[in-house]
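Undergrad: Shown below is the structure under consideration.
The values are calculated or read from the model by the stated rules, or taken from the named source; none is laboratory data. Treat the numbers as computed from the prediction; the structure is a model and nothing was measured. Please note: Cβ atoms are built from the backbone with ideal geometry, for glycine as well, and neighbour counts cover all protein chains shown. Areas reflect the complete protein model, heavy atoms only, side chains present, ligands, DNA and RNA absent. Shrake-Rupley method; radii C 1.70, N 1.55, O 1.52, S 1.80 Å.
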Amino acid sequence: MTAETIFALASGAGRAGIAIIRISGPGAGPALAAITGAKAGTGGEAGGSPEPRRATIVKLSDPETLVAIDDGLALWFPAPDSFTGEDVAELHVHGGPAVVMGTLEALGAMPGLRTAEPGEFTRRAFENGKMDLTAAEGLADLVEAETSAQRRQALRQLRGELGKLYESWRERLLNALAHIEAGIDFSDQDLPGGPGGVEAAAAEEVGKLVGEIAAHLKDNRRGERLRSGLLITIIGPPNAGKSSLLNLLAQRDAAIVHETAGTTRDVIEVHLDLGGYPVIVADTAGLRDIGDGGNGGPGVIDVEAEGIRRARGKAREADLRLAVFDGQAWPETDSHTAGLVDADTLVVINKSDLGRLAPPLIVGGQPGLAISALTGDGIETFLAVAAERVAGLMETTASSTIGPALTRARHREALEECRAALERFLAVTDGDKWSDKTPELAAEDLRLAARALGRITGRVDVEDVLDAIFRDFCIGK
Ligand code: GDP
């Protein structure tokens, strides 16, 4: 274990009512004693540390100059009952820059203390067995969560639901492996079930596991979508009101998270909270404007063709399409857009304020909603329908028996590897093809599968993935 003691501001930067500074490591107790003017020691009654896990009012001052820093609160969490598993002290000070800086400077001047790297507190928590890797990732997601659905998913993962699922699979695999190894080490005659009995039992269990893992993988990327946000692309002919609709969505006070120009000049993306779900709405308008505003000569057609090509590309990439038709032309519809309408498309017919739209409102077999981006008419219904569609694409259905959703490509890759190894196992152990070498090969496949699962939770050789995971954390976490 490391002997270094780390500290960092754990709360956000900038002015606030309070700021929290966290210290972790063997030097946390002496540092707390020094900055609060108590006698050094880590044993509570014996030394100067406050009572464990109780907020204590303290006066903070620079131990060298004795200049006052702040009046605050101290919390003392002796190892191993702390977030990191090490001795941890927390200082709650007034959240002004000079107070925070004075506290951090005083700590930095103490021997053996240094500023924490991003994610270092959580990494220590993992290394000391306080949480598995999926829980650490859940914590990172919880800090990043911008919508209620993201928060719920992250909290479930932080609480260990995903880790428990993967660990239970790994245990079942190790159990099957033990059966196969018993078959190798002992004569089949001596084992329950007689010759081939243990292998058959193991194969049955592995068959069940493959089914469960396959069901978990075939989740339509719900969990990953919920982390990253669902991509909705607005498509439609020029002047249908795509930009007006996007602006209307973006202006809803509660909805907008932030707005960024897309990677290409002609794509605008707006991040929204739609009924608790994160969505990125992309508007594909624009290239025709370059054509219209340009020289108007040859090439305009090409530019328009390029615009349609990009809109189609963006539309294909999307999880959900929003096809906007101009109600003024109704029942005539733009054929380019109508050609893109499918089951993953929400059809809206805009400009309902200009006159009644003759039913049936159906385009490409999909029912349409009449709206007016100008007056806001029909928008509430549209939002409710859109939120329901988005929820359907992101939430694991209530009828699901496969537990929490997979949330990261890292997990998916490891699970694919696990499944492939298990399928090899099933292929070699299948039927009459057994040879003398079969048990060894089968055992090796099970070992590989268990390793792949162990990598997700951090049970086995994960050194190489740790840096990648904890790098994404901020300092103080
Ligand atoms: P886009 O080219 O599809 O992005 O369409 P815009 O949003 O730029 O709108 C084209 C024109 O239609 C603008 O003059 C808008 O003011 C107008 N417009 C958009 N939505 C409505 C609507 O619901 N009713 C009416 N009457 N006009 C609209």
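Undergrad: Which of the residues that make up the range 373-386 are touching a residue at least 40 places away in the same chain (Cβ under 8 Å) and within 14 Å of the ligand (Cβ to nearest atom)?
TA: Hits for the range 373-386 are A373, L374, G376, I379.
Undergrad: Another question, if that's okay. Give, as residue ranges, the helices (runs of 4 or more DSSP H) completely inside the range 221-321 that count at least 2 residues that are modelled with pLDDT of 65 or more. So that I can check it myself, show each step before the final result.
TA: Numbers: elements: 222-228, 242-251, 287-293, 300-317.
Helices (runs of 4 or more DSSP H) meeting the threshold: 222-228, 242-251, 300-317.
Undergrad: From A98, A106, grab the single residue that is in a helix (DSSP H, G or I) and more than 15 Å from G27 (Cα to Cα). If you could, list the steps in order and put the result at the bottom.
TA: Values: A106 fails: more than 15 Å from G27 (Cα to Cα).
A98 is the lone residue from the list that is in a helix (DSSP H, G or I) and more than 15 Å from G27 (Cα to Cα).
Undergrad: Could you tell me whether R389 is open to solvent by 60 Å² or more (accessible area, probe 1.4 Å), within 15 Å of the ligand (Cβ to nearest atom) and either within 15 Å of N220 (Cβ to Cβ) or at pLDDT below 90 (or both)?
TA: Judged against the criteria, R389 is not a match.
Undergrad: Let me spell it out: the conditions are (1) open to solvent by 60 Å² or more (accessible area, probe 1.4 Å); (2) at pLDDT below 85; (3) within 15 Å of the ligand (Cβ to nearest atom), and R356 meets all of them except one. Which number is the exception?
TA: The one condition R356 does not meet is (2).
Undergrad: A further question on this structure: Could you run through the range 354-370 and say how many residues are more than 12 Å from T333 (Cβ to Cβ) and in a loop (DSSP other than H, G, I, E, B)? Steps first, answer last, please.
TA: Kept after step one, since they are more than 12 Å from T333 (Cβ to Cβ), are these residues of the range 354-370: 354-356, 358-360, 365, 367, 369-370.
Imposing the further condition that a residue be in a loop (DSSP other than H, G, I, E, B) reduces the set to 355-356, 358-360, 365.
Total satisfying the criteria: 6.
Quick grid of which residues meet (1) at pLDDT below 95; (2) within 23 Å of K130 (Cα to Cα); (3) in contact with a Phe, Trp or Tyr (Cβ under 6 Å, 6 or more places away or on another chain):
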site: L9; (1), (2), (3): no, yes, no
site: D71; (1), (2), (3): no, no, no
site: A89; (1), (2), (3): no, yes, yes
site: V93; (1), (2), (3): no, no, no
site: L107; (1), (2), (3): no, no, yes
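Undergrad: A343 is checked against (1) part of a loop (DSSP other than H, G, I, E, B); (2) at pLDDT 90 or above; (3) within 14 Å of the ligand (Cβ to nearest atom) and fails just one. What number does that condition carry?
TA: (3)
Undergrad: So which residues in the range 122-174 are open to solvent by less than 30 Å² (accessible area, probe 1.4 Å) and on the phi > 0 side of the Ramachandran plot, if there are any at all?
TA: Within the range 122-174, G160 is the sole residue that qualifies.
Undergrad: Checking the condition free of Cβ contacts under 8 Å to residues at least 24 places away in the same chain and either of a type in the set (G, A, S) or in contact with a Cys (Cβ under 8 Å, 6 or more places away or on another chain) (or both), which residue from A116, A125, A106, A79 passes?
TA: Just one listed residue meets the conditions, A79.
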